[in-house]
1. Look at segment A:382-421 and say how many of its residues are free of Cβ contacts under 8 Å to residues at least 12 places away in the same chain and not assigned by TED's automatic domain parsing to the domain that holds A:Y252.
2. So in segment B:46-66, with the set limited to residues that are in a strand (DSSP E or B) and in contact (Cβ under 8 Å) with a residue 60 or more places away in the chain, which one is farthest from ligand 5 (Cβ to nearest atom)?
3. Quick one: A:R366 ticks every box in (1) modelled with pLDDT of 90 or more; (2) away from ligand 1 (no atom under 16 Å from the Cβ); (3) not in a strand (DSSP E or B) except a single one, so which number is it?
4. How many residues, within segment A:92-135, are open to solvent by less than 10 Å² (accessible area, probe 1.4 Å) and away from ligand 4 (no atom under 16 Å from the Cβ)?
5. Evaluate the following for A:N404: is it within 24 Å of the chain's Cα centre (by Cα) and away from chain B (no Cβ under 14 Å)?
6. Kindly indicate which of B:A200, B:A147 is farther than 30 Å from B:D84 by Cα and either of a type in the set (K, R) or surrounded by fewer than 18 Cβ atoms within 10 Å (Cβ to Cβ) (or both).
7. Is it the case that segment A:421-442 has a residue that's of a type in the set (K, R) and not in a helix (DSSP H, G or I)?
8. Quick one: in segment A:48-79, of everything that is under 22 Å from the mean Cα position of the chain (by Cα) and open to solvent by 40 Å² or more (accessible area, probe 1.4 Å), which residue is nearest to ligand 2 (Cβ to nearest atom)?
Amino acid sequence: MALHPKKHEMPTQAPEVRAHNFDEVALGYPVEIALEEAKRCLNCKNRPCVAGCPVNVNIPDFIMKVKEGDFEGAYQIINQTSSLPAVCGRVCPQETQCESKCTMGVKFEPVGIGRLERFVADWHNANSKEAPKQPQTNGHKVAVVGSGPSGLTCAGDLARMGYHVSVFEALHTAGGVLVYGIPEFRLPKSIVAKEVETLKDLGVDIETNVVIGKTLTVDELFRAGYEAVFIGSGAGLPNFMNIPGESLKGVYSANEFLTRSNLMKAYRDDPHTPIQKGGRVAVVGGGNVAMDAARTALRLGAEHVYIVYRRSMDELPARREEVEHAMEEGIDFRLLNNPVEILGYNNPDDPRDPKNGFVTGMRCIRMELGEPDAKGRRRPIPIEGSEFTLDVDTVIMAIGTSPNPLIKNTTAGLEVNGHGGIIVDENGLTSRKNVYAGGDAVTGAATVISAMGAGKLAAKAIDEALRG
Amino acid sequence: MYRIASKTCLNPTVTQMEIVAPLVANKALPGQFIILRVDEDGERIPLTVAGVDKARGTVKIIFQIVGATTELLNHKNEGEYIQDFVGPLGVATHTDGIKKVCIVGGGVGCAIAMPVAQEFHRLGAEVTSIIGFRSKDLLILEDEFRACSDKLIVMTDDGSYARHGNVTVPLKELLEAGETFDMIITIGPLIMMKFVTLTAKPYGVPVTVSMNPIMIDGTGMCGGCRLTLVRDGKRITKFACVDGPDFNGYEVDFDEAMSRGRMYFDYERHAHEQVCNLLKGAN
Ligand SMILES: Cc1cc2nc3c(=O)[nH]c(=O)nc-3n(C[C@H](O)[C@H](O)[C@H](O)COP(=O)(O)OP(=O)(O)OC[C@H]3O[C@@H](n4cnc5c(N)ncnc54)[C@H](O)[C@@H]3O)c2cc1C
Ligand SMILES: Cc1cc2nc3c(=O)[nH]c(=O)nc-3n(C[C@H](O)[C@H](O)[C@H](O)COP(=O)(O)OP(=O)(O)OC[C@H]3O[C@@H](n4cnc5c(N)ncnc54)[C@H](O)[C@@H]3O)c2cc1C
Ligand code: SF4
Ligand code: SF4
Ligand code: FES
């Protein structure tokens, strides 16, 4: 049988259509294509792909099930190691994880592992009627802080083992970055909502509007009878560049821009929460967050959207697929450029001019790549005298986030590293007894799958600690 | 969902409510705030905790009807519910070592200032309160302030009640007459806080201002509430929701804060009109 050298394309909405709506861009494999794609897997004995997945999803076995047409069986295999396949299949950076190790990829394109995973999860969600069984309770109580992928996973695993779990979430909706950060067109909110519903069916209490460190402290949770606490509070604190003009009107952190659009639904025609729509937009940064902000701005009606990134295409940290989609949609990539100042309107004759203080442009400087540093990344160096101005009226800073210090500041004895990340051992245990942590709160901004993996690990460790 | 335990109109545009939120009531300290959403899909707005009743598990809020969300909130009645209510957020007002304090409140800022004045009174500090309003029918909380102040001065901009003029006038008189304070705490419109700070400056009295920038999450996640402090010539970015809302008045860049506060001006006016029309239709 001749092997198909290329991954089967996933149908997508046409770029010129999707650039104006918030519906999902990639539509997923239909059954026939999934079957064809599954045939490309060689079922390698040494299973290199499995080692490339941060949680070691049993890839060849699930793909064999797909080949056999046993999609539910495939789901059950993935589910042994991953709680959020519908999410990870969509958002994992497969090209640097599972698919980077795929044998097929040596000569041809790797197997579309992520696409198959998404197919299987979507099939299960659409067809499985099985209601989750309420597990036998074991009488132990555990608190989970934060409802991102790490918290949801830890809660789910513990609930299935019989623990009574309460998840405390600061915002009014559960899901963490999956609801306030990653936009609808990449990850439909209904998928996240379904995961949350499943947890509720398992008996997990989801307490929104509770800020741990403010409404309740970690110590108070123990006093209230929780025997262990998992902290999955993420890395939500946005960084700014500290260049002149960052306080002008029209400068957003990506978190603010995306929160206004996603969580507060400013993308709808009649929102309660305002957002600057239209005009010319510059997004600073090159990660997934920058791509999401740029493509959201476009969908909100921007005339022109730039990505301004100080290194080159090779270093761009975003998922390949998102970069390709962004380019197809007409996002203008200004690589090897770095902002030095944001310019604002100022009418010297009229201090009350309503236009005063709004962004009018961004001064940038061109960069070149120097010698590779210790990590092998080539350092960008400004080219003297190469400054120029981009005419924009919105600037979105997507240059990274750090863990929020709220919990650290209110929990005595909880140690963090120089970047604010909570320090944990190999089981996710922090410097405080029975306090575990994982996900971005530990690592700084990372990935959904690693956060999920950390939640799983901690659930296992908590179970061992409490039942000994 | 959070039940409205009571509702009182303080004046035609200012309403007081008590909301059942035992966890918040248990924790809130003067100077802290909450964020609420009136209904599903509503906007998140910050309001100061104006008092708590731990026994009943209620939190008091006092709000001025200025736009769409406060209009919708005011439309709710006792016994009805609001969607979300989270807090207490922000850092409580520092009271340590302050024996003699002057509280300067303007308009609905008096509602934010009142629990702070009450706290100083409770701690045994000497409290001078200066509260100002545009006119007599906007006056609120006079009795409450009288009860917790050693000295109370009421001002109206138009002279329709008590003394004519704005709050900086009596403040300057007091300072000029040699009155000293360990701290002046001022809460109200930005322009008023700016001038209170400028008034106090020649006398070297420390000033705390309560900043009210536009907020969303209130947990330090969006950075929308950022403001700039100028300290030793260096500009420092702070997030009002987690680092504040109280700041050293001498460090705050008021002009920038005023400019940022007007970012959504047109949008807000439009949204307010829409809600007003909607509610008119409902009546
Ligand atoms: C725009 C964007 C796009 C991304 N795209 C991708 C992608 O394509 N692929 C990928 O793998 N990763 C992506 N990521 C990264 C990924 O989403 C995160 O690594 C992951 O969500 C981290 O999960 P977490 O559980 O650690 O925390 P989070 O998802 O950040 O969740 C933390 C939760 O805790 C809550 N919380 C915080 N403090 C408190 C407190 N004190 N009390 C109560 N609750 C609290 C927060 O409100 C939040 O809901 C993206 C991130 C962003 C922002
Ligand atoms: C920490 C803090 C504590 C506050 N405490 C009180 C209080 O106790 N009582 C009270 O009446 N008001 C208080 N405010 C102001 C209150 O949040 C706003 O009046 C409210 O958000 C207006 O919402 P709206 O939709 O009705 O009006 P909008 O139509 O949205 O706005 C009307 C005007 O209110 C201002 N405004 C809008 N959004 C905000 C916001 N999020 N924060 C501050 N100002 C805003 C703008 O200048 C605008 O012009 C506080 C604000 C902050 C930040
Ligand atoms: S979880 Fe992510 S990395 Fe692992 S197999 Fe699935 S798509 Fe690949
Ligand atoms: S490495 Fe590729 S071809 Fe081999 S088992 Fe894994 S997915 Fe299949
Ligand atoms: S309100 Fe979002 S960071 Fe302060």
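The values are calculated or read from the model by the stated rules, or taken from the named source; none is laboratory data. The structure presented is a predicted model; accordingly, all values stated were derived computationally and were not measured. Don't worry about glycine lacking a Cβ; one is built from the backbone with ideal geometry, like all the others, and counts go over all protein chains shown. SASA here: full protein model, heavy atoms, side chains in, ligands and nucleic acids out. Shrake-Rupley method; radii C 1.70, N 1.55, O 1.52, S 1.80 Å.
1. Here the count works out to 2.
2. Taking segment B:46-66 as the starting set, the residues that turn out to be in a strand (DSSP E or B) are B:46-48, B:51-53, B:58-64.
With the extra rule that they be in contact (Cβ under 8 Å) with a residue 60 or more places away in the chain, the set shrinks to B:46, B:48, B:51, B:62.
Details: B:P46: 8, B:T48: 15, B:G51: 23, B:I62: 21 Å.
Among those residues, the one meeting the criterion is B:G51.
3. A:R366 satisfies every listed condition except (3).
4. Total meeting the criteria: 1.
5. Details: within 24 Å of the chain's Cα centre (by Cα): yes; away from chain B (no Cβ under 14 Å): no.
Considered against the rule, which asks whether it is within 24 Å of the chain's Cα centre (by Cα) and away from chain B (no Cβ under 14 Å), A:N404 comes out as no.
6. Working: B:A200 fails: either of a type in the set (K, R) or surrounded by fewer than 18 Cβ atoms within 10 Å (Cβ to Cβ) (or both).
Testing whether each residue is farther than 30 Å from B:D84 by Cα and either of a type in the set (K, R) or surrounded by fewer than 18 Cβ atoms within 10 Å (Cβ to Cβ) (or both) leaves just B:A147.
7. Step one: of segment A:421-442, the residues of a type in the set (K, R) are A:432-433.
Adding the requirement that they be not in a helix (DSSP H, G or I) leaves A:432-433.
Looking for residues that are of a type in the set (K, R) and not in a helix (DSSP H, G or I), one finds at least one in segment A:421-442, hence yes.
8. Here the answer is A:P54.
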